[in-house]
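A.B. asks: Please read through the structure below; I'll follow up with questions.
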Amino acid sequence: MIVDDLAVWGPECGTEQPLPVADARAYCRRLALGHYENFPVVSWLLPRPLQQHFCNVYAFCRWADDLGDETGDPARALELLAWWRSETEDCYRGITRHPVFVALSETIEQFDLPPDPFLDLVSAFEQDQHVTEYETFDQLRDYCRRSADPVGRIILRLGGCYNEQTVAWSDSICTGLQLANFWQDVGRDLDIGRIYLPAEDRSHFDYSRDDLDRRVTSPQFLELMRFEVDRARQWLQRGQPLVDEVPGRLRVSIDLFLRGGLQVLREIERIDYRVWKRRPVVSKRKFVTLFLRSASRATMKQLRPRRASR
């Protein structure tokens with residue numbers, strides 16, 4: 001857990017000497033490869049020059065996420081996230097202390113990454129500490145805009161394919177993935193006091209707050225979940241054209257994430273939307289199948305002859 005590293009790299013250890021760049025890179029690689037089950041596969045798919053940079057970005061996200069979720073105390077989490085925000089701002093002023101920022105500063109400089117995506121991510125984790133329920137989907141979408149979309153925008157810049165259209169597609173995929181994750185984890189989120197099913201949607205389907213608190217699987221709940229799953233799928237599908245607009249091996253990674261999100265939604269459908277009873281998951285066998293399909297699609301795209309220009 002990241003919180004275990006606070007004793008060495010936390011805000012109370014400001015006099016700690018920064019790690020050499022090589023050690024900071026290694027720290028980010030260990031963090032990325034050790035915390036996310038599928039990251040070794042995804043990172044292998046990436047162009048080699050980008051692999052370390054993805055690890056650096058992932059390490060930033062992992063630290064921010066864990067500072068918000070793993071302390072168990074919203075007040076303490078806000079203190080730590082304020083420190084992480086300050087470290088981010090210092091990094092853009094050329095001051096790096098924490099190993100993540102020692103490594104990430106190279107990525108920021110090489111790809112001219114603006115601070116906004118990183119600061120947006122921190123703001124979303126800060127919001128988690130005091131907003132635990134959403135009245136409207138527009139409010140939830142704004143949260144996704146800061147909790148999910150920035151990651152896709154950073155990836156586009158790393159891949160050299162950042163423009164107005166690719167950003168729109170990327171935002172759609174990232175929000176769709178975030179929504180799929182919410183509907184997969186309705187029970188887990190309620191366990192920690194967070195409700196992402198918008199109140200306006202619950203009201204529309206006549207599913208009361210009391211029903212939710214008691215985790216009632218009623219016809220109303222099943223229709224509510226069907227609606228949310230269909231909406232998440234639409235967000236993912238609207239972003240699908242992005243797959244063919246990114247270069248080489250990056251295409252496989254994005255296609256794999258897209259397929260993974262769609263598969264999560266299919267798994268929710270497969271259990272008839274009864275997510276209170278069982279958490280839907282994508283099996284390792286299914287993940288391998290999705291990977292092979294993504295790789296095959298990318299290969300066929302590369303082999304497809306281009307039309308001769310007139």
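The values are calculated or read from the model by the stated rules, or taken from the named source; none is laboratory data. What you see is a predicted model, and the numbers here were worked out from it, not measured in a lab. Every residue, glycine among them, receives a Cβ derived from its backbone with ideal geometry; neighbour counts consider all protein chains shown.
A.B. asks: I'd like the full set of residues that are polar (S, T, N, Q) and either closer than 24 Å to F125 by Cβ or in contact (Cβ under 8 Å) with a residue 12 or more places away in the chain (or both), limited to the range 180-214.
C.D. replies: Narrowing the range 180-214 to residues polar (S, T, N, Q): 181, 184, 203, 208.
Correct list: N181, Q184.
A.B. asks: Further, regarding this structure: Which fully enclosed helices (runs of 4 or more DSSP H) of the range 182-286 have 3 or more residues being touching a Lys or Arg at 6+ places or on another chain (Cβ under 6 Å) and not assigned by TED's automatic domain parsing to the domain that holds E126?
C.D. replies: On the way: elements: 186-191, 199-204, 209-213, 219-238, 248-270.
Result: empty, no element qualifies.
A.B. asks: Now for a different question. Looking only at residues in the range 122-137 that are touching a strand residue (DSSP E or B) at 6+ places or on another chain (Cβ under 9 Å) and hydroxyl-bearing (S, T, Y), which one is surrounded by the most Cβ atoms within 10 Å (Cβ to Cβ)? First the steps, then the outcome.
C.D. replies: At the first step, the residues of the range 122-137 found to be touching a strand residue (DSSP E or B) at 6+ places or on another chain (Cβ under 9 Å) are 132-134.
Filter once more, so that each one left must be hydroxyl-bearing (S, T, Y): 132, 134.
Values: T132: 15, Y134: 20.
The residue in question is Y134.
A.B. asks: Every residue in the range 146-155 that is under 11 Å from the mean Cα position of the chain (by Cα) and touching a residue at least 24 places away in the same chain (Cβ under 8 Å), please. Write out each step before concluding.
C.D. replies: Filtering the range 146-155 down to residues under 11 Å from the mean Cα position of the chain (by Cα) leaves 146-152.
Once the filter is applied, which keeps residues that are under 11 Å from the mean Cα position of the chain (by Cα) and touching a residue at least 24 places away in the same chain (Cβ under 8 Å), the range 146-155 yields R146, S147, A148, D149, P150, V151.
A.B. asks: Determine whether L80 is under 25 Å from R251 (Cα atoms) and either buried (at least 20 other Cβ atoms within 10 Å of the Cβ) or assigned by TED's automatic domain parsing to the domain that holds A26 (or both). Before you say what the answer is, go through the steps one by one.
C.D. replies: Details: under 25 Å from R251 (Cα atoms): no; either buried (at least 20 other Cβ atoms within 10 Å of the Cβ) or assigned by TED's automatic domain parsing to the domain that holds A26 (or both): yes.
Against the criterion (under 25 Å from R251 (Cα atoms) and either buried (at least 20 other Cβ atoms within 10 Å of the Cβ) or assigned by TED's automatic domain parsing to the domain that holds A26 (or both)), L80 does not qualify.
A.B. asks: Could you tell me whether any residue of the range 216-227 is of a type outside the set (A, V, I, L, M, F, W, C), surrounded by fewer than 20 Cβ atoms within 10 Å (Cβ to Cβ) and in contact with a helix residue (DSSP H, G or I) (Cβ under 7 Å, 6 or more places away or on another chain)? Spell out the reasoning first.
C.D. replies: First pass over the range 216-227, keeping only residues of a type outside the set (A, V, I, L, M, F, W, C): 217-220, 223, 226.
With surrounded by fewer than 20 Cβ atoms within 10 Å (Cβ to Cβ) added as a condition, the list becomes 217-220, 223, 226.
In the following step, the residues that additionally are in contact with a helix residue (DSSP H, G or I) (Cβ under 7 Å, 6 or more places away or on another chain) were identified as 218.
Yes; the residues of the range 216-227 include at least one that is of a type outside the set (A, V, I, L, M, F, W, C), surrounded by fewer than 20 Cβ atoms within 10 Å (Cβ to Cβ) and in contact with a helix residue (DSSP H, G or I) (Cβ under 7 Å, 6 or more places away or on another chain).
A.B. asks: If you don't mind, another one. Filter the range 234-254 down to the residues that are closer than 19 Å to L179 by Cβ, crowded, with 19+ Cβ neighbours inside 10 Å and not aliphatic (A, V, I, L, M) and list them by number.
C.D. replies: Of everything in the range 234-254, those that are closer than 19 Å to L179 by Cβ, crowded, with 19+ Cβ neighbours inside 10 Å and not aliphatic (A, V, I, L, M) turn out to be W235, G239.
A.B. asks: For the range 18-36, indicate whether the set of residues that are surrounded by 14 or more Cβ atoms within 10 Å (Cβ to Cβ), at pLDDT 75 or above and outside any helix (DSSP H, G or I) is non-empty.
C.D. replies: yes
A.B. asks: May I ask you to say which residue of L177, L158, L119, L140 is in contact (Cβ under 8 Å) with a residue 24 or more places away in the chain and surrounded by fewer than 19 Cβ atoms within 10 Å (Cβ to Cβ)?
C.D. replies: On the way: L177 fails: surrounded by fewer than 19 Cβ atoms within 10 Å (Cβ to Cβ); L158 fails: surrounded by fewer than 19 Cβ atoms within 10 Å (Cβ to Cβ); L140 fails: surrounded by fewer than 19 Cβ atoms within 10 Å (Cβ to Cβ).
The unique qualifying residue is L119.
A.B. asks: Give P115, P150 a once-over and let me know the one that is out of contact with any Ser or Thr (no Cβ under 9 Å at 6 or more places or on another chain) and either closer than 18 Å to C55 by Cβ or assigned by TED's automatic domain parsing to the domain that holds T88 (or both). Break it down stepwise before answering.
C.D. replies: Numbers: P115 fails: out of contact with any Ser or Thr (no Cβ under 9 Å at 6 or more places or on another chain).
Selected residue: P150, the only one of P115, P150 that is out of contact with any Ser or Thr (no Cβ under 9 Å at 6 or more places or on another chain) and either closer than 18 Å to C55 by Cβ or assigned by TED's automatic domain parsing to the domain that holds T88 (or both).
A.B. asks: If I ask for residues that are within 18 Å of V131 (Cβ to Cβ) and either more than 21 Å from the chain's Cα centre (by Cα) or among the aliphatic types (A, V, I, L, M) (or both), which ones from the range 75-86 would you list? Talk me through it step by step, then tell me what you get.
C.D. replies: Going through the range 75-86, the residues within 18 Å of V131 (Cβ to Cβ) turn out to be 75-82, 85.
The answer is A75, R76, A77, L78, E79, L80, L81, A82.
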